Structure formats: C-alpha cells, structure tokens
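The values are calculated or read from the model by the stated rules, or taken from the named source; none is laboratory data. Quick caveat, the model's predicted, so the values are computed rather than measured. Virtual Cβ from ideal backbone geometry, glycine too; neighbours counted across all protein chains shown. Keep in mind that these areas ignore ligands, DNA and RNA; they rest on the heavy atoms of the full protein, side chains included. Shrake-Rupley method; radii C 1.70, N 1.55, O 1.52, S 1.80 Å.
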Amino acid sequence: MTKRAWILGGMLAVAVPALVYGQQPRAGYLPSGTIDVTHILPAAPQKGDARYEGDRAIFKATRHWLGTPRGDLATRDVNTGVPYMMSAYSCAVGVALTPQNAPTLVKVISKAGIDTQTQSGAAKDYFKRLRPFQIDKGKTCQAPEELKGSYDYPSGHATWAWTWASLLSELVPDRATMIMARGRAYGESRIVCGVHNATAVEAGRMTSASTLAAVHAQAAFQADLALARAEMTALRADPATPKPENCAAEAALVSQPIL
C-alpha cells in the first residue's frame with residue numbers, strides 16, 4: 001500500500017466523511033514535505049513514565065460519564081461530518097451554520113483539514129500507540145470494532161476539531177472564546193468516550209496548530225480565508241440567518257470539567 005493510500009484509508013475512520021461532503025477539495029494547501037509533525041510532537045508515552053500513568057488514571061476516572069448528558073454529548077461528537085461540525089460550532093459562533101449558507105467556510109476548513117488530518121494520520125502510523133480500551137478494561141461510547149486498525153496518538157478527532165475552532169476563531173474573533181472552548185470540549189469528548197488517551201487529545205491539538213501555522217503561509221489559503229471572512233460577516237449581519245437552539249444547555253456541558 002502506498003503512503004497516500006494508507007493516509008486516505010486511515011482518514012476514513014476520522015474525517016474523510018467530512019472532507020468529501022458535496023464537492024470538497026481532494027488536496028490541501030501545503031506542498032508535499034512542507035511539515036512533518038512526527039518531529040514536532042513529543043514521543044508517545046511509554047509504559048512506566050509519568051504521562052503513561054496519567055493516561056491510565058484519566059481513563060479509569062472518566063468512565064462514569066457515559067450515560068450522562070456529558071457522555072451523550074461525547075457520543076454525538078463521534079460524528080466528524082461537515083453538517084455535524086457546523087451544527088456543533090453554531091452556538092459558539094452565534095448563528096446556525098449549514099453547508100448551504102456557508103459553502104466558502106466549508107471549502108477553506110475542509111481543504112486545510114486535509115493538511116492537518118494527513119499529518120495526524122502519518123503520526124498515528126509512526127507512533128503506533130494503543131488506544132486506552134486496548135490497555136485497560138472500561139466502557140467506550142464506540143464499539144471497538146469501529147476503530148480496528150486505527151491508532152491512538154495523536155487523536156484525529158481532536159486534530160479536526162481544533163482545525164475548525166482555530167479557523168472559525170480567525171473568521172469570527174469576537175466569538176473566539178466560545179469557539180475555542182467548544183473545540184476543547186470536542187477533543188475532551190474522545191477522553192469521555194474512552195477511545196483516546198488524554199495525551200493523544202493534546203497531541204491532536206498540537207498537530208492541528210503546527211500544521212495550520214504552515215498553511216497560513218500559503219497564498220491560496222489567505223485568498224480563500226478572505227472570502228470565507230466576507231461570507232461569515234454577511235451571514236452574521238443578515239437578520240434572516242437562523243439562530244441555533246439549546247445553546248445554554250450546550251454551554252453548560254462544554255464548561256463542565258471532565259476530571
């Protein structure tokens with residue numbers, strides 16, 4: 001299997017459904033070889049070190065969330081599709097986002113997401129770290145069979161969520177606090193679900209941030225980002241744009257510490 005085929009195959013379990021929604025780009029913004037996150041991330045924790053033991057304690061301490069409202073949010077956050085991601089960030093942005101009313105936003109995040117998820121997939125294969133339920137026994141919000149052959153470190157979901165949160169915060173800076181909090185909670189949902197170690201979620205955020213730093217230097221990205229900013233400004237200014245619902249309840253869950 002070629003490296004490209006492996007990357008695309010590995011992404012199927014995480015973000016490819018999101019990236020192929022409608023007529024989405026097939027390539028990211030970065031030329032091949034621009035960045036290698038395996039040289040940026042700290043090494044995956046090994047048995048006996050403090051980070052490894054911390055992950056074990058966190059996994060065991062968070063199993064009680066399943067079956068609660070926070071656990072239900074975590075289960076919903078398994079979804080990586082574009083419509084769900086737009087809905088997930090709608091309360092934070094302050095308007096109901098859909099692929100139909102913000103197609104340029106979808107384009108720029110999906111294209112940048114190819115870059116961040118490519119790095120995430122390559123790092124997973126490099127570190128080959130087991131997921132927490134493969135080390136300790138405990139309930140998960142996803143059937144283990146759904147994650148067969150997919151490694152833990154870094155979290156692709158956390159990478160994807162941080163990509164959305166980072167770019168949305170640039171486009172709607174007056175809502176950045178709420179947007180970034182939702183991105184943090186989406187990543188934490190993987191811990192609540194028991195399918196990623198806490199250090200893998202942290203590594204996912206670092207993967208996204210490191211890759212996006214390189215993406216920002218690309219002229220094509222800057223041009224698309226400017227178009228998305230204009231789109232978001234017009235959408236938020238239009239009184240006909242629907243408002244999201246149940247935002248107070250979501251905010252309470254987002255702000256709830258999981259430990």
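A Cβ-based charge dipole, computed about the Cα centre of segment 38-167 with Lys and Arg at +1 and Asp and Glu at -1, lands at about 200 debye.
For segment 144-212 and segment 88-112, write down the distance between their C-alpha centroids in whole Å. Between the Cα centre of segment 144-212 and that of segment 88-112, the gap is 17 Å. Computed over neighbours whose Cβ is under 12 Å from that of ALA203, the net charge equals +2, Lys and Arg +1, Asp and Glu -1.
Taking all protein chains together and a 1.4 Å probe, the residues ILE135, ILE109 rank ILE135, ILE109 from largest to smallest accessible area.
Expressed as a whole percentage, what fraction of the accessible surface of the chain belongs to carbon and sulfur atoms when a 1.4 Å probe is rolled over the protein heavy atoms? So the carbon and sulfur contribution to the accessible surface is 58 percent. Placing a pseudo-label 7 Å from each Cα along the Cα-to-Cβ vector at SER87 and ALA43 gives an inter-label distance of 4.3 nm.
The C-alpha radius of gyration of segment 67-184, expressed as a fraction of 2.2 N^0.38 Å, stands at 1.14. Counted as membrane-span-like here are DSSP H helices of the chain whose alpha-carbon atoms extend 24 Å or more along the helix's own axis and whose Kyte-Doolittle mean is -1.0 or above; these are 103-127, 176-193, 198-215, 219-237.
Could you name the lysines in cross-link range of LYS60, using Cα to Cα under 19 Å and dropping any fewer than eight places away on the same chain? Reachable lysines: LYS47, LYS137, LYS139.
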